[in-house]
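As structure tokens, the structure follows; a few thoughts come after it.
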Amino acid sequence: MKHIIGAKPPVASAGLPAARLVEVDADSAGQRLDNFLIRHLKGVPKTHVYRIIRSGEVRINKGRVSADTRVEAGDVVRLPPVRISDKVAEKAERPAPAREFPILLEDEHLIAIDKPAGVAVHGGSGVSFGVIEQLRQARPASKFLELVHRLDRETSGILLVAKKRSALTHLQDQFRERETGKTYLALVTGTWPANKKVIDLPLHKYLQADGERRVRVTTADDPDGMRSITLVKVRCTAAARPEQGLPAMSLLEVTIKTGRTHQIRVHLASQGHAIVGDDKYGDFDLNKRLQKQGMKRMFLHAWRLQFNHPATGERVALNAELPAELAAFLPGPA
């Protein structure tokens with residue numbers, strides 16, 4: 001049996017489900033059509049969303065459109081009936097568990113939360129739900145909640161969520177134009193050379209045979225390489241602990257000037273100083289020893305974020321202190 005999402009009851013005369021017409025409200029104005037559809041066609045794979053746009057089954061005000069078309073308030077969007085499997089339909093109908101997160105700042109425009117490690121920011125890639133889905137369930141009265149940016153699942157720290165479309169676009173523009181200040185705390189293996197302050201190496205994204213996403217440092221002449229800049233400052237160092245099988249380590253303040261996928265993890269590992277506990281680019285044997293010492297996650301934390309408030313323009317500086325499990329692992333105060 002197939003389920004149909006976003007369809008009216010079957011039309012008796014034709015025996016076929018009907019398309020649905022949705023009027024765009026003010027909160028959705030300015031959103032890309034593909035993102036608008038993903039929100040309205042719950043459980044439908046993104047590949048299928050793009051297929052129905054290309055085929056002309058999706059229309060705005062009766063006209064054909066492309067995936068990057070921006071919807072405007074009052075537009076009427078035609079949503080065709082979409083068939084999905086029982087399994088996907090069941091998943092779409094099963095809401096994420098409601099959850100609030102520690103709040104660093106909240107007003108009528110945005111929420112800044114302190115995301116714990118181990119929680120994805122959104123569902124997808126084998127994860128049923130993430131921060132944004134749980135937050136929406138916890139706040140059913142909120143008409144608009146959207147992620148401004150992303151953090152890796154195993155990275156803790158500051159994450160911004162917009163409560164208005166205008167705030168979302170304003171903040172995302174700042175991230176895109178590198179007007180924000182983003183500094184992380186990372187514990188790496190070895191003693192970081194104090195004079196090594198800038199890493200300016202292009203990064204190349206690729207997929208492994210199993211479909212897992214990975215990133216590597218590449219050369220300036222790589223057409224798929226993206227320029228990536230990371231600034232590093234040593235906060236403190238820790239001597240080796242041979243009785244525990246642990247090497248010397250360095251706690252770094254890492255500021256990124258570009259926001260590439262896995263940028264900090266790959267840049268630091270490329271210098272021979274992988275992040276402690278990194279299960280993709282780190283020292284796997286060391287990670288096993290660390291787990292026995294109680295360090296069961298990657299030591300990367302989004303510590304400081306600076307941005308201009310989307311409504312007032314005032315500069316906002318937020319700090320999220322190290323989680324207890326990270327602070328406890330450091331030899332002395334961080």
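Below is a table of values for the structure above.
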item	result
Sum of -39500 (n - 2.57) over DSSP H runs of 4+, divided by residues of the chain (222 nm, nearest 500)	-5500 deg cm²/dmol
Most mobile of 113, 264, 103 in a GNM of the chain (Cα contacts under 10 Å)	103
Euclidean distance between Cα centres, region 250-319 to region 100-154, Å	19
Virtual spin-label span in nm between residue 32 and residue 308, 7 Å along Cα→Cβ	2.4
Cα-based convex hull, the chain, per residue volume (Å³, whole number)	169
Coarse-grained scattering of region 116-240 at q = 0.22 Å⁻¹, given as base-10 log I(q)/I(0) from a Debye sum over alpha-carbon atoms	-1.37
Selection from 327, 204, 267 lying farthest towards where the dipole of the chain points positive, charges on Cβ	204
Gain upon complete extension [residue 23, residue 253; 0.36 nm per residue less C-alpha separation]	78.1 nm
At R0 = 41 Å, FRET efficiency that the Cβ-Cβ distance of residue 141 and residue 315 yields, to 0.05	0.85
Measure of compaction for region 266-334 (Cα Rg per 2.2 N^0.38 Å)	1.45
Overall form of region 122-164 per C-alpha gyration tensor (a/c, 1.5; a/b vs b/c)	oblate
Per residue Cα convex hull volume in Å³ - calculated over region 187-334	149
Angle between the chain longest axis and helix 165-176 axis [Cα atoms, degrees, rounded to 10]	40
Among the listed pairs 46/205; 205/280; 115/280; 42/115, those beyond 22 Å (Cα-Cα)	42/115
Rounded to the nearest 10 Å², the accessible area of residue 192 at probe 1.4 Å	10
Gain upon complete extension [residue 46, residue 279; 0.36 nm per residue less C-alpha separation]	81.1 nm
Accessible area in the full protein assembly, largest first, 1.4 Å probe, for 241, 265, 32	32, 241, 265
Surface accessible to a 1.4 Å probe, per residue, for the residues of region 73-221, Å²	51
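The values are calculated or read from the model by the stated rules, or taken from the named source; none is laboratory data. Keep in mind it's a predicted model, so treat the numbers as computed, not measured. When we count neighbours, we look across all protein chains shown, and the Cβ atoms used for this are built from the backbone with ideal geometry, even at glycine. Only protein heavy atoms, including side chains, enter the accessible area calculation; ligands, DNA and RNA are left aside. Shrake-Rupley method; radii C 1.70, N 1.55, O 1.52, S 1.80 Å.
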